[in-house]
Amino acid sequence: MVPIRSLGANHRERIAHHLLALEPHDRYLRFGFAANDAQIERYADSLNFERDEIFGIYNRRLQLIAMAHLAFDPDSRLRDCAEFGVSVLKAARGRGYGGRLFDRAAMHARNEGVNRMFIHALSENTTMLKIARKAGAAVERDGSDSEAQLLLLPATLDSRLTELVEEQLAQTDYRIKVQVKHFRDALSSMVSSRKAAPDARRSAGK
């Protein structure tokens, strides 16, 4: 299982860093236009963590290598629809992270009472459209743009329990990664200090 955790506002800086690390063409596919750094930073700053759901995959160095945005309509009367967007760093491609994030978002959406999930993507974004089709979504192309619509089943006790367990496992995995990183950083700092000590003594002896 790939640990996919829900991200809160305290992850905003890492989300921005992840998106800024996308290559120009990947930015174009993710946002539908050639987003510059300032536009990406404004997007990250505008994320509404109370209304929407953000999911992420971290590597062991606590780098956010893949993330998804499940956006709900601001109108509470339209909470039965949600839109999905995803990005994966180039170094993490080919591992199925996009599809796994889509499945995770779809499960959360159905558990929130959503019955339709949309994907607006450029028609050339074949990877995203392939993920949608594999999930059973109907895809309509309109020139350079395409829209995929996936009808979701109602929530069940199994879908709710599955999401709860997966989120708990992902949270535990993240905490372990944080502890391991802190240990490695402390160990590295200690080794550097020990290496620097003989040099300092030699300099003092001169």
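The values are calculated or read from the model by the stated rules, or taken from the named source; none is laboratory data. As the structure is a prediction and not an experimental result, all values here were calculated from the model. Because the Cβ atoms are built from the backbone with ideal geometry, glycine has one as well, and the counts that use them run over all protein chains shown. Just so you know, the surface numbers come from the protein's heavy atoms only, side chains and all, with ligands and any DNA or RNA stripped out. Shrake-Rupley method; radii C 1.70, N 1.55, O 1.52, S 1.80 Å.
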>> If a residue must be part of a helix (DSSP H, G or I), modelled with pLDDT of 95 or more and open to solvent by 30 Å² or more (accessible area, probe 1.4 Å), how many such residues does region 117-161 contain?
In response: 4
> Can you spot a residue in region 31-40 that is assigned to a helix (DSSP H, G or I), in contact with a strand residue (DSSP E or B) (Cβ under 8 Å, 6 or more places away or on another chain) and either on the phi < 0 side of the Ramachandran plot or open to solvent by 60 Å² or more (accessible area, probe 1.4 Å) (or both)?
Replying inline: no
>> Could you check region 104-116 and list, in sequence order, the residues that are surrounded by 17 or more Cβ atoms within 10 Å (Cβ to Cβ) and among the charged types (D, E, K, R)?
In response: Arg104, Arg110
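What about Ala16, is it aliphatic (A, V, I, L, M), in contact with a helix residue (DSSP H, G or I) (Cβ under 7 Å, 6 or more places away or on another chain) and modelled with pLDDT under 95? Walk me through how you get there before you give the answer.
On the way: aliphatic (A, V, I, L, M): yes; in contact with a helix residue (DSSP H, G or I) (Cβ under 7 Å, 6 or more places away or on another chain): yes; modelled with pLDDT under 95: no.
Answer is no for this residue.
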> Out of region 45-88, which residues are in contact with a His (Cβ under 9 Å, 6 or more places away or on another chain) and not in a strand (DSSP E or B)?
Replying inline: Leu47, Phe49, Asp52, Gln63
> What pairs can you find where one residue is in region 110-124 and among the aromatic types (Phe, Trp, Tyr), the other is assigned to a loop (DSSP other than H, G, I, E, B), and their Cβ atoms are less than 9 Å apart, with a gap of 6+ or different chains?
Replying inline: Phe118/Ala137
>> The conditions are (1) open to solvent by 50 Å² or more (accessible area, probe 1.4 Å); (2) within 22 Å of Asn125 (Cβ to Cβ), and Asn48 fails exactly one of them. Which is it?
In response: (2)
>> Restricting to region 3-18, and then to whatever is among the aliphatic types (A, V, I, L, M) and out of contact with any Phe, Trp or Tyr (no Cβ under 7 Å at 6 or more places or on another chain), can you tell me which residue is surrounded by the most Cβ atoms within 10 Å (Cβ to Cβ)?
In response: Ile15
